[in-house]
Amino acid sequence: MNTGNAGAGGTDPRIVALGGGHGLYATLTAMRYLSSDITAVVTVADDGGSSGRLRAELGLIPPGDLRMALAALMCAPKALEDFQTAGDPETRRRHELWAEVLQHRFGGRGALAGHPIGNLMLAGLTEVLGDTVAALDELRSMFGIKGHVLPMSTVPLDIEADVSGLEADPRISREIRGQVAVATTPGKVRRVRLIPEDPPACESAVEAIDSADLVMLGPGSWFSSVIPHVLVPDQLKALQRTSARKILVVNLAPEPGETPGFSVERHLHVLHAHADTFRVDHVLVDEASVPAGREREHLERAAGLFGAELVVGDVAVPGRQVHDPAKVAAVVNELCEGEPNRYSDRADA
């Protein structure tokens, strides 16, 4: 892989992946086919399940999506292949075991029921060290994880949405607050914002974006895991000024609750409505989600809102609405071996 910006001496390209939840997990797995130098920047607005309970009880940044990112980097293909190539199958076995342990949820009906072990470890380390980033660094050091996991902001965030379709008059919108509430609303989400409105960015995440060779955004829950990354002012500024190649990966299908009935084109329009100065090099969509013809022509124009080339490829697991990490990695690798980054000489936006 050659992004056109990789460091001297054949070192791995610096990749930053932005997102949250299962979408980010898939992207991280894909990128680990290409590099060991990966930074995951994770949304921190979850208020449901184990993360919501720990957030409410301890006042911490919700740990769930951070935990998933750590597990993805730990058991991704290149990480495990490195151990096999080095003749160290025992270390590989331990990595697979601990990745499973981080994700394992306690059963039963008591106070621990539903909590993943990794959430409790991260919450405990955060209390001891007094800082979420330090706790994440300690866990990656403990498990020998290559790459970094960082929160999008240094404070827990809330998502608030304008939702129509909840009143008799469809023109009237209602404010819905909370990630779970937004994701499960029966209405149509029109716009989202973060609370606080001007949240502090994680400085390490901004630095990673500034120095990246490749930045990936998406797929994932569009309103709660993708769009929030362009709503943190200092992070958006970093995305605007970075010389990295930027690729936006669009969801394979509408998501119940957040984007019911959304076309691929609609996903792009709502992202652009939230950050009309955001630019990317490529918009990647699965060929099965956009038939050739007029619909694809409309999508090309929507990609043009970001100054982007539309890339249509086979990136899904056959018969399932999930991205295939190996296929995504292959397409990204091909893109990065193409023309030099058209934005490398762009002035700060």
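The values are calculated or read from the model by the stated rules, or taken from the named source; none is laboratory data. Computed from a predicted structure; not experimentally measured. Glycine also receives a Cβ, built like all others from the backbone with ideal geometry; neighbour counts cover every protein chain displayed. Quick note on the areas: whole protein, heavy atoms, side chains included, nothing else; ligands and nucleic acids left out. Shrake-Rupley method; radii C 1.70, N 1.55, O 1.52, S 1.80 Å.
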Taking Cα pairs closer than 8 Å and at least 6 residues apart, the relative contact order of the chain in percent is 19 percent
Excluding near-sequence neighbours (fewer than 8 apart on one chain), the chain holds lysine pairs with C-alpha atoms under 25 Å apart numbering 7
At 25 °C and a viscosity of 0.890 mPa s, what translational diffusion coefficient does Stokes-Einstein give for the range 138-221, taking Rh as the Kirkwood radius over Cα pairs? Give it in µm²/s as a whole number. 156 µm²/s
The extension gain from ALA113 to LEU97, computed as 0.36 nm times the residue separation minus the Cα-Cα distance, is 3.7 nm
Hey, how many Å between the Cα centroid of the range 239-302 and the Cα centroid of the range 157-202? 20 Å
Rounded to two decimals, the Debye log10 I(q)/I(0) of the range 227-349 (Cα scatterers, no solvent) at q = 0.19, 0.21 Å⁻¹ is -1.16, -1.36
Hey, what's the range 196-283 come to in accessible area per residue, 1.4 Å probe, Å²? 29 Å²
Treating only the Cα positions of the range 240-293 as identical point scatterers, give the base-10 log of I(q)/I(0) from the Debye formula at each q in 0.26, 0.28 Å⁻¹. -1.14, -1.21
FRET efficiency for ASP314 and ASP158 from the Cβ-Cβ distance with R0 = 41 Å, rounded to 0.05, comes out at 0.60
When ranked by the protection proxy of mean other Cβ atoms within 10 Å per residue, highest first, what sequence do the peptides 318-327, 147-156 form? 147-156, 318-327
How much of the accessible area of the range 194-349, in percent, comes from carbon and sulfur atoms when a 1.4 Å probe is used? 48 percent
Over the range 86-128, with every protein chain in place, what whole percent of the accessible area is carbon and sulfur at 1.4 Å, could you tell me? 57 percent
Can you tell me the length gained on complete extension of the stretch ASP169 to GLU203, counting 0.36 nm per residue apart and subtracting the Cα distance? 7.8 nm
Can you compute the FRET efficiency between ASP131 and GLU295 using 1/(1 + (r/R0)^6), with r the Cβ-Cβ distance and R0 = 41 Å? Round to the nearest 0.05. 0.30
Using a cut-off of 15 Å between beta-carbons, work out the net charge of the residues near GLY130 (Lys and Arg +1, Asp and Glu -1, GLY130 not included). -4
The chain, Gaussian network, Cα under 10 Å: of PRO62, PRO219, PRO254, the residue fluctuating most is PRO254
Rounded to whole Å and sorted largest first, what semi-axes of the equivalent ellipsoid does the C-alpha gyration tensor of the range 34-161 yield via the square root of 5 times each eigenvalue? 26, 17, 12
I'd like to check one number: the per residue accessible area of the range 110-163, probe 1.4 Å, reported in Å² as a whole number. 37 Å²
Percent breakdown of C-alpha pair distances by 20 Å bin, ordered from the shortest bin, for the chain: 31, 60, 9, 0
